[in-house]
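Working notes, structure below.
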Amino acid sequence: MPETQHTHAFDWDAIYRGDGSDTMAPDELLLAHTVDLTPGTALDLGCGAGGNALELARRGWRVTGVDIAPHALAGARASACARGLDLELVLGDSVDWQPENRYDLILSSYALPFGPTAQAATFMTIAAALAPGGTLVLGEWDAERTSWSAPGELITAADLRAGITAAGLRIERLERVSVPAHRHHGHEPAVGTQAALILLAHAPHDILDPRSDRTSVARADRSGFRRPRPCCGRIGRTSSWSARPAGR
């Protein structure tokens with residue numbers, strides 16, 4: 001995407017139609033890290049129009065999708081209804097969203113906010129939402145191999161490793177890859193591939209909630225997990241909005 005489109009003021013909501021027509025195909029490179037997991041509860045943090053969330057739901061996961069763009073969530077809801085799949089969708093900002101449950105899997109697909117302060121806050125959100133022993137699969141643009149962003153907006157491999165470790169998660173793998181460029185209607189990039197980072201991490205089985213003084217020593221209790229209504233019957237509560245959306 002042109003550098004001028006990737007500013008703190010960029011309106012991600014404006015690039016989604018809200019009718020499901022821009023729901024992308026699932027990211028098979030990221031989802032490959034989930035195929036050996038037993039389906040349980042999953043959080044797609046920065047779900048966009050729901051491509052990955054819908055694929056996880058199709059595979060039997062109970063999925064919550066969070067995004068800062070209302071039109072993106074409307075698109076995810078429309079696609080879920082069209083496919084007969086269940087999602088819970090929440091309008092929220094990864095910087096300060098407060099999870100009501102803990103999840104066996106968290107997926108973040110090129111959804112980190114711009115800048116180290118917002119990124120560090122998002123890592124705390126992830127740690128607070130990930131169940132003991134749970135898995136994080138995260139893809140993000142590689143600041144050291146990307147030319148379209150302003151200095152300090154994207155994250156480097158070293159800073160990603162440091163931020164995830166500071167949040168209390170254990171990194172299993174961090175690799176540099178080239179991935180197909182994301183294409184939003186009216187904002188198609190000139191290149192076919194872009195440089196990315198893929199991270200796989202886990203929460204320890206004895207994990208300290210970074211937003212409290214409590215330590216969890218067992219799998220999160222699923223008895224209170226709210227099952228989503230069929231075909232995304234509602235879009236949940238709103239948290240505050242940041243300068244750059246929580247995800248795509």
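Rule-based calculations on the coordinates, nothing more; no lab input. A quick note: this is a predicted structure, and the numbers were derived from the prediction, not measured. Cβ atoms come from the backbone with ideal geometry, glycine included; neighbour counts cover every protein chain shown.
Here are the numbers for this structure:
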read-out	value
Listed peptides 49-55, 107-113 by packing density, highest first (mean Cβ within 10 Å)	49-55, 107-113
Residues Asp104, Asp67, Asp19 arranged by fewest to most Cβ contacts within 10 Å	Asp19, Asp104, Asp67
